Amino acid sequence: MQGGPSHIDLFDPKPELTKRHLQNFTGDIKYDNAAESSAKLLGSPWKFSPRGACGMELSELLPCLGDVADDITLVRSMHTGVNNHGQSINALNGGRSTNGRPVLGSWLTYALGCETQELPAYVVLSDPTGLPVLGVDNWSCGWLPSLYQGTVVRSQEPRILNLDPPPSITPRGSRAVP
């Protein structure tokens, strides 16, 4: 959900941050761009409430997600030491801020296998407006065999690129030689 709402507004209530809303942060700050920065703390303007029997706290922005709170897993312990989109996405998908590693979908498929060899290992539903930062590296198989790479399913036709042979290849020419 690149470019989406902050986790602090959706899944991760920070009562102390809300309590200190608009106060100056007194610790050390590492600025990426000091000209566009502020030392003011900004708490979420949205209300959180416990949902489901598990008591998962969710924002009022996600009213329907609360209906299935007992059926989902919410991980709130992930963090990274980088604050740039590309490196942070690498850390989220592949466990490190550098690219070239297998991503989570590749590792899961490698470890658990597939239901069938006739379908892709896993599919990626891309945003109709375009690919995220780092493009196809987000579903890279890294050093694993290409079988474990994600297959993009697009929002427009053709849904899967290069599925059909080019017109220059005849059915006879594409048959395997015995």
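The values are calculated or read from the model by the stated rules, or taken from the named source; none is laboratory data. These figures come from a predicted structure and were not determined experimentally. So basically every Cβ, Gly included, is an ideal-geometry build from the backbone, and we count neighbours across all protein chains shown. To get the accessible areas, we keep the full protein, side chains included, count just its heavy atoms, and leave off ligands, DNA and RNA. Shrake-Rupley method; radii C 1.70, N 1.55, O 1.52, S 1.80 Å.
Magnitude of the Cβ-charge dipole of the chain, K/R +1 and D/E -1, about the Cα centre, nearest 20 debye? For this selection, approximately 340 debye.
I'd like the carbon and sulfur percentage of the solvent accessible area for the chain, probe radius 1.4 Å, heavy atoms only, ligands and nucleic acids excluded. Walk me through the numbers before you get to the answer.
Details: 7410 of 13290 Å².
C and S atoms contribute 56 percent here.
Using 5 Å bins from zero, what percent of all Cα-Cα pairs in the range 1-156 falls into each bin? Per 5 Å bin, starting at 0, the Cα pair percentages come out as 2, 8, 12, 14, 16, 17, 14, 10, 5, 2, 1, 0.
Just the number, please: percent antiparallel of the DSSP beta bridges in the range 1-158, rounded to the nearest 5. Could the numbers behind the result be given before it?
Working: 5 of 8 bridges.
Among the beta bridges of the range 1-158, antiparallel pairing accounts for roughly 60 percent.
Taking 12 Å as the cut-off, the amide N atoms of the range 93-129 that come nearer than this to a point 7 Å along the Cα-to-beta-carbon line of Leu163 belong to 119-120. Return one number: the angle in degrees, 0 to 90 and rounded to the nearest 10, between the long axis of the Cα atoms of helix 85-94 and the longest principal axis of the Cα atoms of the chain. So the helix axis and the longest Cα principal axis differ by about 70 degrees.
Projecting the Cα positions of Tyr148, Pro128, Asn93 onto the charge dipole of the range 80-178 (unit charges on Cβ atoms of Lys, Arg, Asp and Glu, taken about the Cα centre) puts Tyr148 furthest along the positive direction. Remark on Val152: its backbone amide H falls under 5 Å from those of Val124, a criterion applied only to residues 5 or more positions apart or on other chains, H modelled at 1.01 Å from N.
Can you figure out the FRET efficiency of Arg154 with Tyr110, using R₀ = 22 Å and their beta-carbon distance, to the nearest 0.05?
Calculated value: 0.35.
Note on Ser49/Thr80: beta-carbon distance plugged into 1/(1 + (r/R0)^6) with R0 of 41 Å gives a FRET efficiency of 0.90.
Over the chain, DSSP H runs of length four or greater, each weighted -39,500 (n - 2.57), average out per residue to a 222 nm ellipticity of -4000 deg cm²/dmol. Using a cut-off of 25 Å between alpha-carbon atoms, which lysines can reach Lys47, once sequence neighbours fewer than 8 places away in the same chain are excluded? Lys47 reaches Lys14, Lys19.
Averaged over its residues, the chain has an accessible area of 75 Å² per residue, based on protein heavy atoms and a 1.4 Å probe. Sequentially through the range 4-11, phi angles give Karplus couplings (6.51, -1.76, 1.60; θ = phi - 60°) of x, x, 5, 4, 5, 8, 10, 10 Hz, Gly and Pro residues having no value and appearing as x.
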